[in-house]
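The values are calculated or read from the model by the stated rules, or taken from the named source; none is laboratory data. Note that this is a predicted model, so its numbers are computed, not measured. Here the Cβ positions follow ideal geometry from the backbone for every residue, glycine too, while neighbour counts run over all protein chains shown. Just the protein is used for accessible areas: all its heavy atoms, side chains included, with ligands, DNA and RNA removed. Shrake-Rupley method; radii C 1.70, N 1.55, O 1.52, S 1.80 Å.
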Amino acid sequence: MARSTRVEFTGALGETLAARLELPNGRPRAHALFAHCFSCTKDILAASRIARRLTDAGIAVLRFDFTGLGQSDGDFANTNFSSNIQDLIAAANYMAEAHCAPELLVGHSLGGAAVIAAAGKLDSVRAVATIGAPADAEHVVHQFADKVDEIAREGRAEVDLSGRPFTIKKQFLDDIAGRTLEDAAAALHRPLLILHSPTDQIVGVENASRLFLAAKHPKSFVSLDDADHLLRSERDALYAADVIASWAARYVLAPEPQAPRPGASGAVVVRETGRGRYENHVVDGDHVMLADEPASVGGGDAGPSPYGYLNAALGACTAMTLRMYAERKGLPLDRVTVVTGHHKGHAEDCADCVDGQEKHVDIFERSITLEGDLDADQRKRLMEIADKCPVHRTLHSPVVVRTRLEDDG
């Protein structure tokens, strides 16, 4: 399953910025950096839903709070669009040092404008996606238009943004004045995906048109239909994430590891996927499974461990053997449940241990539940039959493993 970890790094103004790194199961196929909307946080529903959905596609995602927002240190009043861009670059540098530099930038609203501006400064970035992004940074002013004169006159003013008070200084207005993103989009030289709702009441869809016309190919536009600006609907957020993941596959995703072809009849083929330290494809005829080790020993927990499969083999063989016997004898057996476990320890019933030898063996614990209108004799006989399952017999028999080295050419 995907993992989410809280991390920190130093932002553009020297403050400690709070972030969350979402890691997919196994080795990431790509790394993305997500920038949230103006005055929002990394934990806004759209950001968290999109990040987690991208991890399902194998993309690791770092989302963070800009300086002075959310759990990050600093004073929001001292920030501006330029410092947001620098925070993004600091986040990308952190990813490069601690994990892997981002190949994909995703930005929501003003965060979308910021990723367009920042992409040209990050050599690792191979594609950019925006959601509801304005074509100019000055667009955010309409959210506090009634305070602009006071800010210009007094140098600062407290404004209401989405029901929360923020202090905006004149330097913020000076920084965004005339800051159009169309030139940056034209000079992007990277694939650009623009997602925008035609019914967006905060950032009109004409902004998407301006960015799209300015950008060079390859570029794509996807309508988010009746979605609101903040993507409050889970359906809209997940749709946006699915579109981004599908589009990004052409530009930034490493190919999905291909399962090996089935071996000769009866042979099981196991091959490393390359996505995690221990992750393997297991192919048995037309059946493809994953084997892995748990995270506690350095694995990605993408599938059962080798002993997990051995436990499964014993449990499945037991249940199938009991079912075959019950059908042949006409027993009223409704359902069989087998719970198995394995550990190493001392066993008093070690039949092959000679006197004085330490009885340290592999121990399989097996618990069987028999459902149905069975009498005591029938239950006793079924328990005797359980020990006759082929896997059980194999575990009790001498086993020979013949190994040969195959030519990899």
Next on the checklist: Which of the numbered conditions does ASP43 fail, given that it passes all the others? Conditions: (1) closer than 22 Å to TYR239 by Cα; (2) open to solvent by 30 Å² or more (accessible area, probe 1.4 Å); (3) outside any loop (DSSP other than H, G, I, E, B); (4) of a type outside the set (Val, Ile, Thr).
Outcome noted: (3)
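Identify, please: which residue in segment 317-332 is of a type outside the set (Ser, Thr, Tyr) and touching a residue at least 12 places away in the same chain (Cβ under 8 Å) and is, among those, nearest to ARG277 (Cα to Cα)?
Step one: list which residues in segment 317-332 are of a type outside the set (Ser, Thr, Tyr), which gives 317, 319-320, 322-324, 326-332.
Pick out the ones that are also touching a residue at least 12 places away in the same chain (Cβ under 8 Å) and you get 317, 319-320, 322-323, 326, 331-332.
Working: CYS317: 30, ALA319: 33, MET320: 34, LEU322: 38, ARG323: 38, ALA326: 43, LEU331: 47, PRO332: 47 Å.
Residue satisfying both the conditions and the ranking: CYS317.
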Checklist entry - Under the condition of being over 17 Å from LEU322 (Cα atoms) and outside any helix (DSSP H, G or I), which residue from segment 387-404 is least open to solvent (accessible area, probe 1.4 Å)? => result SER397
Item to check | Conditions (1) modelled with pLDDT of 85 or more; (2) of a type in the set (Lys, Arg); (3) out of contact with any Pro (no Cβ under 7 Å at 6 or more places or on another chain); number of the one not met by ARG271 | outcome: (3)
Checklist entry - Does GLU384 satisfy being closer than 20 Å to LYS344 by Cα and either open to solvent by less than 80 Å² (accessible area, probe 1.4 Å) or of a type outside the set (Gly, Ala, Ser) (or both)? => result no
Item to check | Of all residues in segment 290-304 being closer than 17 Å to GLY58 by Cα and of a type outside the set (Gly, Ala, Ser), the one that is least open to solvent (accessible area, probe 1.4 Å) | outcome: ASP292
Item to check | Residue identified as modelled with pLDDT of 95 or more and either assigned to a strand (DSSP E or B) or open to solvent by 10 Å² or more (accessible area, probe 1.4 Å) (or both) among LEU88, LEU62 | outcome: LEU62
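Test of understanding: among ARG27, ARG63, ARG49, ARG53, which residue is closer than 17 Å to GLY300 by Cα and charged (D, E, K, R)?
Values: ARG63 fails: closer than 17 Å to GLY300 by Cα; ARG49 fails: closer than 17 Å to GLY300 by Cα; ARG53 fails: closer than 17 Å to GLY300 by Cα.
Unique residue meeting the criteria: ARG27.
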Checklist entry - Looking at segment 126-163, which of its residues are open to solvent by 30 Å² or more (accessible area, probe 1.4 Å) and β-branched (Val, Ile, Thr)? => result VAL148
Next on the checklist: Being crowded, with 24+ Cβ neighbours inside 10 Å and either more than 19 Å from LEU231 (Cα to Cα) or touching a residue at least 24 places away in the same chain (Cβ under 8 Å) (or both): is that true of HIS99 here?
Outcome noted: no
